[in-house]
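Structure first, then comments.
Quick note: the coordinates plus some simple rules give every number you see, no bench work behind them. Bear in mind the structure is a predicted one, so any value in this text is a computation, not a measurement. In this analysis, Cβ positions are derived from the backbone assuming ideal geometry, glycine residues included, and neighbour counts consider all displayed protein chains.
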Amino acid sequence: MFFMSSVTRGGAKLTTGQERGRLSPCVCNTLRMVTRVVTQLYDDCLRPSGLRVTQFSILAAIARLGEASLKQLEDELAIDQTTLTRSLSLLERGGAIERASHPDGRIKAMRLTARGRRALTEAWPMWAQAQGKVLRALGTKAWADAQRQLTRLHHVAVRKRRLGRERRRSSLPKV
């Protein structure tokens, strides 16, 4: 059985996830828990298309941008380079995307193939079904409120992370 420590004013109390009836007091853990469950819901709806929601999101971003460099996709999707590269490799092997020439040969750019456009078009109604399920259960006003709060959290986290990196760099010994 999985046990978590719940922090209360009186000290720590051991409870199971099921007994707590609420999410973790840790922001990061709560966001990860919710993300995993919502991702599973979208993946279930997208399953007939053969795409996972992460792949769908990458294809949709490339479609929006026309063609995209790794850096553009990292920024657009807030995804780390290793995870993005792995997903792009799968999509490229599957024929959904291809490398696009870039004036700066060092920059790796990707674009949708005809197969990728078809896959995105076929998967779109399945994605819309998942989106509809979530919005009907949550309510569009509640989602708009959550989106505002999550956008604020995103900006705060990005700013704090950037400041932390700058402090670490400035504290390194000069060579």
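Observations on the structure shown:
- Any hit, the range 52-67, residues being without any contact (Cβ under 8 Å) to a residue 24 or more places away in the chain and in contact with a Gly (Cβ under 8 Å, 6 or more places away or on another chain): no
- Among the helices (runs of 4 or more DSSP H) confined to the range 68-175, the ones with at least 3 residues that are more than 28 Å from Gly50 (Cβ to Cβ) and not hydroxyl-bearing (Ser, Thr, Tyr) are located at 140-171.
- Residue in the range 115-126 that is in contact with a Cys (Cβ under 8 Å, 6 or more places away or on another chain), in contact (Cβ under 8 Å) with a residue 24 or more places away in the chain, of a type outside the set (S, T, N, Q) and surrounded by 14 or more Cβ atoms within 10 Å (Cβ to Cβ) present: yes
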